[in-house]
Amino acid sequence: MHKSTPHTDINLLEEQVKPLFSATLSGGIVNIFAACIVYILLNSTSHATNAFLLSSGIIIFSAIRIAVASHYLNKKWFTLKQYLNTHVFLTLMVGVLWALYEFMQHKPGNDAIRNIVYLINFGLITGSITTLSTYKKAYLAYMLPQVIAILSVFILIDIEESFYMVLAFSLFIGFMVATSFNISSRHKNEIELTFNNKRLISELNNEIEIREKIQLELEKSKAELEQKVKERTRELVNINTNLEQVIEKKELAEQSLQYLAYHDELTGLPNRALLINRINHSIEIAYRNKQKLGIIFLDLDRFKAINDSLGHNIGDKLIQEVSKRLLQTLRKEDTISRNGGDEFVVVIQRMSSTDEAILVGQKLIESMTNIFEIDSHKIHIGASIGISIYPNDGESALALLKNADTAMFSAKKSGGNRLQFYDESMSNRLRERLVIENELHSALDRNEFYMVYQPQVNCITGQTIGFEALLRWNSEALGLIGPHQFIPLLEETGLIYSVGEWVIKEVITFIHKGYAGDTHIAMNLSALQFGDISLVELINNEIMRTGINPSKIEFEITESLFINDFETTERFLIELHKIGCSIALDDFGTGYTSMSYLTRLPIDSIKVDQYFIRNIDTNAGLENIVKAIINMSRSLGMSNVFEGVETEAELDIIKKLGGKIIQGYLFSKPLDAEGVIEWLSSREPLTQSG
Ligand code: C2E
Ligand code: CA
Ligand code: CA
């Protein structure tokens, strides 16, 4: 289809000769008319008979030509070649008959008629350009016989006479032929062009059709591919979910296996294997952070007897109840495990002191004191506890466990329901502590507390501006016990609340009685007390009851503010400040409180801890720190009290740095009520003179 084929050549020819056939009717009629005219002209001459024959011939052939052409145009029974050949043949016949007419004129009957005949022939030849030029053969078949005839007539008549005629005629014929050929080739070109265009268009159409087909195919296969991809993806997703399910199941199975491997079936607590893991892990952390670790080994007292008399079933239930109570007693971060039988082990992380282990151990023993009710059996049970401390009592899980076990055994031997440290000295201290604690519970009732007051002196003027009230405990059984020993115990046992209230009442009474003169009294508040907002009410009531000036009371708070949340502390101090009491920040520099928090609190003065004062005269670093504290306090609008000043040298440095208020042995140790009165009266003259 891309190259021209015989078929298209035929089509081309068909197009080319179409005008030939359609012009045959008009051409034929012109020839028939011309034949009639020429016959009429020659009828009266000697050529009449020949003219009749020739004109008849022309008319007949022309008519057949018309018939053939119209047959071709309408019916097309035969091939184009057959029609064309017939047409050309008939045209040749007409041409030859006209040629004979012209040839006849070399012996003219009449010159005028001859000229008319020639004129008619010239006209026909000229006119045939339009009707025959589209097919060269037809034109030549029509024209050539006549040209030959005319030329030979010219030559036969007289060559010399007709030279210019011949020349003119030849030029005319040449021009005619050239014109005809030109028309023919132009026509042919046009048709070819049209054809080529058509072919191009059809090729283009084919091309488009092919491309469209290809496009369609492509789209189809693309859609198929997409479908396949979708199906494949779906399959993959299915496979994936299946796989995930399988993995999940496997993980669950592994988890439950792991759980079984590391947990006690009866209580669900970690078992000994997991415990050892955890202890080793905790040891690593404690080693890195230089912390202590407490291992508490707990064994139930009398469990074997209960198990034997009430049966394993009750025994198991008892173990479950015990484990519940132990869990409730402990903090989340502590690990408790069942070591087997009636043994439990607790790991206490991040211990700052061994006291924490004691506290936890006591709580655990206490948690056992309430009766257990199991299947309507009322069971009373106790626990013996052994404690080992990392790193003191061992550096591996096994060593620590073994030593805690040993300690537990000795607790049991001493009658059970008690605590025992692995380290004997620690156990002694524990015993001591337990005794002190025991005494402390009744100290308030037995009136064993009293207050002492340490003067705070302006070292420039020598004036006593106030006293710090300090709690003392003179135990009937144990003698004088220092606050560093009993204050933490008061806090741990919660006795600090009642004893704290007693201190407040005692000091306000002291002021009310006028023992302090014009000076103020500072008292210490434990951080635990900030959580109790009703204490502010109690203070206010005491002030109202006695009618003392609230500005004579100062409260000292330490930086360990975050036992309670900051907001609670802030609220407490603001309320206290509102009453008219002032607030001092104690032991400044030893805590870790952020400055931004401190500036939010209503603090009037900062007490510089004796840690910074000790050796300040020989240590330039300390001097710089104190200088910085003084500057900071000034910029915050706070005053300073310098604690623990013992020597003149220390005082000199503080004076040099601009410090004024001193509290220290250099001036006075804490004094009892009488001592205060004496102090004030003996200092009075000095104040006045200073
Ligand atoms: P603190 O509040 O820092 O009290 C100052 C401590 O330093 C007092 O010890 C005091 O006797 C001592 N001290 C004063 N000047 C010197 C000195 O020049 N050299 C030396 N080495 N020590 C000096 P104290 O009375 O033994 O009290 C110890 C801590 O007990 C107090 O430290 C305070 O935190 C607490 N405390 C005392 N009484 C109470 C109280 O009523 N309630 C509360 N919550 N805590 C109190
Ligand atoms: Ca204090
Ligand atoms: Ca202090």
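The values are calculated or read from the model by the stated rules, or taken from the named source; none is laboratory data. Note that the coordinates shown come from a computational prediction; the quantities given were computed from them, not determined experimentally. So basically every Cβ, Gly included, is an ideal-geometry build from the backbone, and we count neighbours across all protein chains shown. All accessible areas refer to the heavy atoms of the entire protein, side chains included, with ligands and DNA or RNA removed. Shrake-Rupley method; radii C 1.70, N 1.55, O 1.52, S 1.80 Å.
If the limit is 30 Å between Cα atoms, which of Lys513/Lys660; Lys222/Lys249; Lys292/Lys317; Lys137/Lys198; Lys578/Lys669 go over it?
Too far apart for the 30 Å limit: Lys222/Lys249; Lys292/Lys317; Lys578/Lys669.
For the range 82-94, putting each phi into the Karplus relation 6.51 cos²θ - 1.76 cosθ + 1.60 with θ = phi - 60° gives couplings of 5, 4, 5, 4, 4, 4, 4, 4, 5, 4, 4, 4, 4 Hz, in residue order, rounded to whole numbers and with x for Gly and Pro.
Round to the nearest 0.05 the FRET efficiency obtained for Ile625 and Ser256 when R0 = 41 Å and r is the Cβ-Cβ distance. Here the calculated transfer efficiency is 0.10.
Taking the Cα atoms of the range 212-262, the ratio Rg/Rh between the radius of gyration and the Kirkwood radius comes to 1.53. A 1.4 Å probe, protein heavy atoms only, puts the accessible area of Ser70 near 50 Å². Taken over the chain, the ratio of Cα radius of gyration to 2.2 N^0.38 Å equals 2.58.
Distant-in-sequence amide contacts of Asn339, defined by a placed amide H-H separation under 5 Å and a gap of 5 or more residues or a different chain, comprise Phe344, Val345. Taking every alpha-carbon pair under 8 Å whose residues sit at least 6 apart, the range 6-196 reaches a relative contact order of 26 percent.
Taking amide H as placed 1.01 Å from N in the peptide plane, Gln463 has its amide H under 5 Å from the amide H of Asn458, each at least 5 places away in sequence or on another chain. Among the protein heavy atoms of the chain, carbon and sulfur supply 56% of the accessible surface, probe 1.4 Å, non-protein parts ignored.
Note that the chain presents 53 Å² accessible area per residue, ligands and nucleic acids not counted, probe 1.4 Å.
At R0 = 56 Å, how high is the FRET efficiency between Lys81 and Lys220 if r is their beta carbon distance? Nearest 0.05 is fine.
On the way: r = 47 Å, r/R0 = 0.84.
Once the sixth-power term is evaluated, E becomes 0.75.
Straight-line cross-link partners of Lys75 among the lysines, defined as a Cα under 23 Å from its Cα and at least 8 positions apart when in the same chain: Lys18.
With the Cα gyration tensor of the range 489-644 giving a ≥ b ≥ c as the square roots of its eigenvalues, does the rule (a/c under 1.5 for rounded; else a/b larger than b/c for prolate; else oblate) give rounded, prolate or oblate?
prolate
For Phe588, the residues whose amide H sits under 5 Å from its own are Lys607, Asp609, ignoring neighbours fewer than 5 places away on the same chain, with H placed 1.01 Å from N. Per-residue accessible area (protein heavy atoms, 1.4 Å probe) orders His441, His71, His377 as His441, His377, His71, starting from the largest.
Ordered from highest to lowest accessible area with the whole protein assembly present and a 1.4 Å probe, Tyr497, Tyr164, Tyr262 read as Tyr164, Tyr497, Tyr262. The largest accessible area among Glu623, Glu192 belongs to the first residue in Glu192, Glu623, and the rest follow in falling order (1.4 Å probe, all chains). If you count the DSSP beta bridges with both ends in the chain, what percent of them are antiparallel, to the nearest 5? Close to 60 percent.
Estimated at 0.36 nm per residue, the fully extended path between Leu156 and Ser70 surpasses their Cα-Cα distance by 26.9 nm.
For the chain, the longest principal axis of the C-alpha atoms and the axis of helix 163-262 are separated by about 20°.
Where only DSSP H runs of four or more residues are counted, the chain gives -22000 deg cm²/dmol as its mean residue ellipticity at 222 nm, each run worth -39500 (n - 2.57).
Extending 7 Å from Cα along the Cβ direction at Arg186 and again at Asn370 yields two label points whose distance is 12.6 nm.
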